[in-house]
Structures are given as structure tokens and as C-alpha cells.
Amino acid sequence: MIAEAIGTTLAPLPFLSTAVLGAALVGLYGNEGQRRALLPEIAAGRHLMALALDETARHRPERIATQARRDADGYVLDGSKVFVVDGHVADTLVVAARMGAGAGDGISLFLVPRDHAGVQVERCVLADATNAARIVFHAARVPADALLGSVGSGAQMLERVLDIGRAVLSSELLGIADASFARTLAYLKAAARRRPCSGWPNRAGPYRNGRASMAAPD
């Protein structure tokens, strides 16, 4: 119902990126330390998250070119992401990267602070006024405990959590549809009470009849 209410007002909130995708990933797959550090802060509204996943104009989660390689006691990330919703304000990014150079190598997820060394964030505004960012990772070194879940399990984790996100977005779309219908019906009822324009009897008649039937009381 929260997502549906957001849809009725088109509120630009970090609900999907933080309370849905971010919280689900940490809650389902994070270790005890990650859950204790992030979930209470998310619940209190003090910590924002963003999923850095897509790398092309189309949403294709399986096409990940960003690389992650082991380095001493951590990992080094190199690559770029586009259309990272709320990425310019997120405190923590969930970054999808491959642990290898081949397309068949497994995807892993990493928790990376937005202001971390080697991370460049460029804000962009999408056509629907959604806030997003383009993010570049250049030799960004993260500790071993930045890994979310296990190495190579990112695809399965994303599949489950993205399905949750899609269900929430469906509720938001329902809210948009309900608000659009309510506003249209209110307009038609108001228009039905107004006199038709003079000089257009033949054209106004069919329109007026259809308008009146749509605006009829239940």
C-alpha cells in the first residue's frame, strides 16, 4: 500500500532503492555484521542505498562487465554503471561485478560507500524526473567484508530481489492508474455539467453522450 500511495502522487522518494532493494539484499543475504550496521539505520531513515547494476541503456542484469579481482585482503573494482536510481544521494552502493574476465564468470555483489576512494558519481535526471547517477569505479579498493553473500552468487540474489522490486513497482503503477482514472472521472463529471460549445451540434452530440455515460453516477 505504501508503493501504491507513492504512485498516486508520483513522489520522488528513495523507497524502492533503499527500503525495497537495498533492505532486501542486506536482510536476505548480508552477514550478521552487515545487517546490524545497515538495517536499523535504513529503518530509521538515516541511511540510503542504491543498486548499481545496469551498464547499458537497457535493463539486462546478466550483462555485467564491471570487474572485481582479489587483492591482498580485499577486492578491487573497475567499471561503470548507468541509471543508478538515487545513486547520487545513497550512502551505500550495492555494486554488481564479475570475478573474472569471461561472460560466464559469476557475478558478485559488494557494499561500497558512495564517497569511497576510486568512486566517481555524476548525477543525472531521467525523462520522468527520477533522480539517478552514472557511477565509475576506477581501482576502487574495498575490504573483504564488503562482499555481500558469497562469491559468484550475485545472479541468484539479484533474481530474487529484483522480482520483489518488480512487484512493488506494479503496486506503484496501480496507484498511478487509480489517480489517473479518478482525475479523468472528475474532469468528465465537471465537463458534463457545462453547456456544449455552440455551432458544433453534430460533432458535440456523440461526444456529449459518451461523456455523460462515463460520468454517470454509480
Item to check | Answer from G33, G87 - the residue that is surrounded by fewer than 15 Cβ atoms within 10 Å (Cβ to Cβ) and not hydrophobic (A, V, I, L, M, F, W, C) | outcome: G33
Checklist outcome for this item: Among the residues of the stretch 73-90, the number that are among the charged types (D, E, K, R), assigned to a strand (DSSP E or B) and closer than 16 Å to R114 by Cβ is 1
Checklist outcome for this item: For L48, the lone unmet condition from (1) touching a residue at least 60 places away in the same chain (Cβ under 8 Å); (2) crowded, with 17+ Cβ neighbours inside 10 Å; (3) of a type in the set (A, V, I, L, M, F, W, C); (4) more than 30 Å from R183 (Cα to Cα) is (1)
Item to check | Members of the stretch 135-192 that are closer than 28 Å to C124 by Cβ, out of contact with any helix residue (DSSP H, G or I) (no Cβ under 7 Å at 6 or more places or on another chain) and of a type in the set (S, T, N, Q) | outcome: S170, S180
Checklist entry - Here are A132, A190, A117: which of them is touching a Cys at 6+ places or on another chain (Cβ under 6 Å), farther than 22 Å from N31 by Cβ and at pLDDT 85 or above? => result A132
Item to check | Residue check, G165 of a type in the set (G, A, S), assigned to a helix (DSSP H, G or I) and out of contact with any Cys (no Cβ under 6 Å at 6 or more places or on another chain) | outcome: yes
Checklist entry - Tally time: how many residues in the stretch 131-160 are surrounded by 13 or more Cβ atoms within 10 Å (Cβ to Cβ) and in a strand (DSSP E or B)? => result 13
Item to check | In the stretch 80-109, the residues that are under 20 Å from the mean Cα position of the chain (by Cα) and small (G, A, S) | outcome: S80, G87, A90, A96, A97, S108
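The values are calculated or read from the model by the stated rules, or taken from the named source; none is laboratory data. Quick caveat, the model's predicted, so the values are computed rather than measured. Please note: Cβ atoms are built from the backbone with ideal geometry, for glycine as well, and neighbour counts cover all protein chains shown.
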